[in-house]
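Okay, handing you the structure first.
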Amino acid sequence: QVHLVESGGGLVQAGGSLRLSCAASGRTFSSYTMGWFRQAPGKDREFVGAFRWSRWSGGSTDYADSVKGRFTISTDNAKNTVYLQMNSLKPEDTAVYYCAANGRAIARVYMTTDYDYWGQGTQVTVSS
């Protein structure tokens, strides 16, 4: 069992920055994948980015084209927390943001069905 809690959402102006946090608790894994997704009203849940940690090969990241160069995923193992740093925010980034976890370093990371655990989400609103 893994429990995920997102925080850090809020209202920002276009061009601004925001950092989301995803705190994990429960069992730990030597290899894992942490994903970020977002969902706007009436839209499908959309892949944002993912961080994989493999006990054999280390870490790697993947980002959606829509956020590449603007968003960055980082981790703080001491706090069991994964971050999503969002810069140069656009109104199109407005959505509920979710973190998700898989207890393995998986190859495919962009589908919601690739993850076993989900947080409850945090609202991000970008005004123009």
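The values are calculated or read from the model by the stated rules, or taken from the named source; none is laboratory data. A quick note: this is a predicted structure, and the numbers were derived from the prediction, not measured. When we count neighbours, we look across all protein chains shown, and the Cβ atoms used for this are built from the backbone with ideal geometry, even at glycine. To get the accessible areas, we keep the full protein, side chains included, count just its heavy atoms, and leave off ligands, DNA and RNA. Shrake-Rupley method; radii C 1.70, N 1.55, O 1.52, S 1.80 Å.
I'd like to check one number: the per residue accessible area of the chain, probe 1.4 Å, reported in Å² as a whole number.
Solvent-accessible surface per residue comes out at 54 Å².
Right, here's the next one. Say the dipole of the chain comes from +1 at the beta carbon of Lys and Arg and -1 at that of Asp and Glu; which of Ala105, Ala14, Thr122 then lies farthest toward its positive end?
Ala105
Counting alpha carbon pairs within less than 8 Å and at least 6 residues apart, what relative contact order, in whole percent, applies to the chain?
36 percent
State the percentage of accessible surface on the chain attributable to carbon and sulfur atoms; use a 1.4 Å probe and exclude ligands, DNA and RNA.
Taking all protein chains in place, the chain shows 47 percent carbon and sulfur surface.
Compute the signed sum of charges (Lys and Arg +1, Asp and Glu -1) over the other residues within less than 13 Å, Cβ to Cβ, of Ser88.
Local net charge: +1.
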